[in-house]
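Before any comments, here is the structure.
The values are calculated or read from the model by the stated rules, or taken from the named source; none is laboratory data. The structure displayed is predicted, hence computed values, not measured ones. Note that we place each Cβ from the backbone using ideal geometry, even for glycine, and neighbour counts take in every protein chain shown.
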Amino acid sequence: MIADLESEHESLDQIVADLDPQKWLAPTESPGWTIADQLSHLQFFDERGALAMDSPEEFGEDRQRIISAAPQDLSIELGRSVSPAELLDSWRRSRRGLISAAHSVDPTVRVPWYGPSMAVKSFLTARLMECWAHGEDIAQALRVHRDPTARLKHVAHIGVGARAFSLMINRLPEDPLSIRVELTAPDGELWVWGDELSDQRVTGDALDFCLVVTQRRALVQSQLAVAGESATTWMGVAQAFAGAPTKKK
């Protein structure tokens, strides 16, 4: 998991490493956010991810400061106050700190975060998902093609696992029915979740699914096949990341 997270970091780094300073101001799909804002957001939470694993008590104090600052978004302040080179250097240091903390943390502990605490592996999976999703925003803004990789399985896994959360934040009732998810990986392998006999099904391309659950693509813009009321309800609100409900138009 740690190696995959490092690889996802490096993949995004290759896109922004030699970027012309003016292009850091290019708008992205996130309303009001530039490429610099996207990377600043990653830097901010990678830094706090390391803190959460290294010093949970200190993280708790910092978390309260961030919550108290709402609706001000502290995660994009650095990117708006330093040069692109300084921002990139800061993100590199933050992500190295995150990886270092991941190597040293007790794998049995729970990592505190801004919602419920998470197992270490789940937390690192969430950080990979965030890097991939915000990296997708940056790549789209630059019109850069990114070949999908096997790391998408982590993004898909957290998307499937976030089904109950997606229903809850949208004030929809809990649903005990199992949903069969069958996704074709970039190498042609089949990734599966859920009861194979279920009539509630989501099938299609893994990249398509990941773009939908991270809300980088609307369900109607995808080629996913969705069958059954439970599956349709879930995919209509699917959200792999924490926070209030949002929906890609």
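Tell me which residues, restricted to the range 137-159, are within 20 Å of MET1 (Cα to Cα), part of a helix (DSSP H, G or I) and in contact (Cβ under 8 Å) with a residue 40 or more places away in the chain. Break it down into steps so the answer makes sense when it comes.
Taking the range 137-159 first, the residues within 20 Å of MET1 (Cα to Cα) are 147-159.
Applying the additional criterion that residues be part of a helix (DSSP H, G or I) yields 152-159.
Result: LEU152, LYS153, HIS154, VAL155, ALA156, ILE158, GLY159.
Looking at ARG171, is it outside the structural domain of PRO112 (by TED's automatic domain parsing), in a loop (DSSP other than H, G, I, E, B) and under 21 Å from the mean Cα position of the chain (by Cα)?
no
Exactly one condition in (1) aliphatic (A, V, I, L, M); (2) within 18 Å of the chain's Cα centre (by Cα); (3) exposed (fewer than 12 other Cβ atoms within 10 Å of the Cβ) is false for ALA69; which is it?
(2)
Hey, can you tell me all the residues within the range 201-218 that are over 18 Å from MET129 (Cβ atoms) and either touching a residue at least 40 places away in the same chain (Cβ under 8 Å) or not in a strand (DSSP E or B) (or both)?
Of the range 201-218, the ones over 18 Å from MET129 (Cβ atoms) are 201, 203-204, 218.
ALA218 - this is the single residue of the range 201-218 that is over 18 Å from MET129 (Cβ atoms) and either touching a residue at least 40 places away in the same chain (Cβ under 8 Å) or not in a strand (DSSP E or B) (or both).
State whether the residues of the range 126-135 include one that is within 22 Å of ALA3 (Cα to Cα), of a type in the set (D, E, K, R) and in a helix (DSSP H, G or I).
Scanning the range 126-135, I find at least one residue that is within 22 Å of ALA3 (Cα to Cα), of a type in the set (D, E, K, R) and in a helix (DSSP H, G or I), so the answer is yes.
Given the structure, is TRP191 among the aromatic types (Phe, Trp, Tyr), over 16 Å from the mean Cα position of the chain (by Cα) and surrounded by 14 or more Cβ atoms within 10 Å (Cβ to Cβ)?
So TRP191 passes the test.
When you scan the range 28-122 for helices (runs of 4 or more DSSP H) that lie fully inside it, which ones turn up with 1 or more residues that are in contact (Cβ under 8 Å) with a residue 12 or more places away in the chain and closer than 21 Å to GLU136 by Cα? Break it down into steps so the answer makes sense when it comes.
Details: elements: 35-54, 56-69, 84-104.
Helices (runs of 4 or more DSSP H) meeting the threshold: 35-54, 84-104.
Which of the residues belonging to the range 199-249 are under 22 Å from THR149 (Cα atoms) and of a type in the set (Phe, Trp, Tyr)? Please lay out each step first, then the result.
Just the residues of the range 199-249 that are under 22 Å from THR149 (Cα atoms), to begin with: 202-219, 221-225, 238-241.
Once the filter is applied, which keeps residues that are under 22 Å from THR149 (Cα atoms) and of a type in the set (Phe, Trp, Tyr), the range 199-249 yields PHE209, PHE241.
Within the range 160-186, work out how many residues are free of Cβ contacts under 8 Å to residues at least 60 places away in the same chain and under 19 Å from LEU224 (Cβ atoms). Give the steps one after another, and end with the answer.
Taking the range 160-186 and keeping what is free of Cβ contacts under 8 Å to residues at least 60 places away in the same chain, we get 160-161, 164, 168, 171, 173-186.
This time we only want the ones that are under 19 Å from LEU224 (Cβ atoms), so: 160-161, 175, 177-186.
Residues flagged as free of Cβ contacts under 8 Å to residues at least 60 places away in the same chain and under 19 Å from LEU224 (Cβ atoms) within the range 160-186 amount to 13.
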